[in-house]
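Each remark here refers to the structure printed beneath this line.
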Amino acid sequence: MTKTRSSLRHHRVLLLTSRRTVVVLMLASAILLFLCGAVIRRDAIALVTSESIDELLKLAALLVIILVPLSGIYSVMLDFVFWEGWLDGLPNPSHLFTERFPDISGHRHYIIYLDGIHQSEEDHPPRVSRFLSQLEEGIDHESILVKGIEAYTIMPVALRSDSYSQWFWRRLFSLQEHHPNSLVRFLSAFCVQANNVIKVGISSDRRYGPVMNYELALKIARRLESLGFHPSKAVRLVLVGYSGGGEMAIGTAEILQQLCRVPVQVITVCGVFSGNGALEEINRVAMVVGGKDPVAALGQVAYPGRSPLLPLSNWNRWQRKRKLTRYEISGMNHCGHSGPFSDDFSSKVVDAICCELCMTR
């Protein structure tokens, strides 16, 4: 027992040292970026030459090379710092749904939307908000659409409100939205999306994914509890994940089913997911795919677990026992003016989701 405690203490010291190292490196990078910005502003006239533009591009590439690994280290470290109890620890799941809240609205089906990697806060972008309004109009009165779940943070808040790192994200969002230099805005937006992409990668990893997926499932369960959800009254939960949100949905589905004690099904929209998630107890997965979506197609190639050449992977074993339904929408791309939230295709995506919901009532 003494050796075990000593080992755990040593492990925590190593984690704390690593966290401090990451913070120091991130501060050094921020200082370097500030100094570079000052030099660029001072020598703005010289930037019109081709040599100066080449140097600027090389500097931008160097910053990306530095910031992406730091974002990855930060993402992994924050998950395990939270897991270890340094951020008030994980809530006790045995305390969920212990009291019976009267659900006067009569909701029996809870549809939970998980956004893609572009999400930086709980409020969705305008196009996504319009799409979700259409979806709300399409579902019946027994169903409720749960929006605003930030799938890429472990705390029940948005990135800019996370007490552990709000100073960093608020500054980054401010640069992304208001800085006059387009290159600075691009790099800031790139860092936000890099964090979210890395989170998707962590979720798909067999070693670290279960930790983050459990944290996200617990976050969703607590949100449902605040809405009056109770296992004795609900019939099912439906996770609707767009793009990288498809991986988050598949990764958390079985854990969420155990926490909430009701059946969970998954619907991906242009989903990019690995198929590594534990789906043994999930009976149904549906995919809404675009006929001209290269990103989702690339995801299938990038994740070998979804390849038919690996019949023993989680995804292929699940497909042999359960039903996978595909809704292909001709001409739809992954995003933009021909994406699922565009005026041309949003209604078709809503129809496909509602069709799946009706088939599984």
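Compute the semi-axes of the equivalent ellipsoid of the stretch 230-306, taking the square root of 5 times each eigenvalue of the Cα gyration tensor, and list them largest first in whole Å.
Computed over the stretch 230-306, the values are 25, 13, 8 Å.
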*Using Cα pairs under 8 angstrom and six or more residues apart, how large is the relative contact order of the stretch 275-358, in percent?*
35 percent
*For the stretch 237-361, with every protein chain kept in place, what is the accessible area per residue (1.4 Å probe, Å²)?*
42 Å²
*Over 27 Å between C-alpha atoms is what I'm after, so list which of K292/K321; K323/K348; K199/K219; K147/K233; K233/K348 land there.*
K292/K321; K233/K348
_Given N residues in the stretch 265-361, what is its alpha carbon radius of gyration divided by 2.2 N^0.38 Å?_
1.10
_Can you list residues from other chains, or at least 5 along the same chain, whose modelled amide H is less than 5 Å from the amide H of R284?_
V266
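The values are calculated or read from the model by the stated rules, or taken from the named source; none is laboratory data. Nothing here was measured: the structure is a model prediction, and the numbers come from that model. Each accessible area value is taken on the protein alone, full model and side chains, heavy atoms only, with ligands, DNA and RNA left out. Shrake-Rupley method; radii C 1.70, N 1.55, O 1.52, S 1.80 Å.
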